Amino acid sequence: MLAADVLSRIAAELALFASVGFLLLGLNDLAVDIIYLTRRLWRSRTVYRRYRKAYASFFCFNKNPGFMAIFVPAWEESAVIAAMLKATLKRLDYPDYRIFVGYYRNDPATGAAIASIADPRITSVEVEADGPTTKADCLIICTTP
């Protein structure tokens, strides 16, 4: 057998393998497109007949945007937390919000720094666990009554 025949058979096998790969990946893309179009058709027939579409501009330019809560988990932030809160209060141009700052009971310096900012929009929340834990753990404790 000649080297040219061997190389052509190898190329044919590789082309077959590649074509099967393209076919499978194309079917995957087709499935995603079908799911998207089905969902869009379903929403246009059911949901958007009852409710109007929500666009981001509705929330940005709404005359009465509503209350907003900001959660800040803090651990050993006594050097920067007061300056950060002052800057946030000064720069945040929003009418109705409250900042909840979670700090740990074994970090009294951060609690004192938060307490030094006397503003009704800031609420300090002492976490009943010794820190540090994860930021998510601190936020969960801030949100539970």
Task: Residues of region 69-127 satisfying the condition of being part of a loop (DSSP other than H, G, I, E, B) and more than 26 Å from the chain's Cα centre (by Cα) - done: S78, A79, R105, N106, D107, S116, I117, A118, D119, P120
Open item on the list: I'm told R39 meets every condition in (1) under 25 Å from the mean Cα position of the chain (by Cα); (2) assigned by TED's automatic domain parsing to the domain that holds Y103; (3) at pLDDT 90 or above except one. Can you identify the failing condition by its number?
Closed with: (2)
Open item on the list: Quick check on my filter: what residues within region 89-133 are of a type in the set (D, E) and in contact with a Leu (Cβ under 7 Å, 6 or more places away or on another chain)?
Closed with: D119
TODO: Could you check, for region 53-68, whether at least one of its residues is in contact with a strand residue (DSSP E or B) (Cβ under 6 Å, 6 or more places away or on another chain), aliphatic (A, V, I, L, M) and surrounded by 10 or more Cβ atoms within 10 Å (Cβ to Cβ)?
DONE: yes
TODO: Tally the residues that are surrounded by 13 or more Cβ atoms within 10 Å (Cβ to Cβ), out of contact with any helix residue (DSSP H, G or I) (no Cβ under 8 Å at 6 or more places or on another chain) and free of Cβ contacts under 8 Å to residues at least 40 places away in the same chain, restricting the search to region 116-132.
DONE: 1
Task: Candidates A82, A11, A54 - the one that is farther than 27 Å from I122 by Cα and at pLDDT 90 or above - done: A11
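The values are calculated or read from the model by the stated rules, or taken from the named source; none is laboratory data. Just so it is clear, the structure is predicted and the values come from calculations on it, not from any experiment. So basically every Cβ, Gly included, is an ideal-geometry build from the backbone, and we count neighbours across all protein chains shown.
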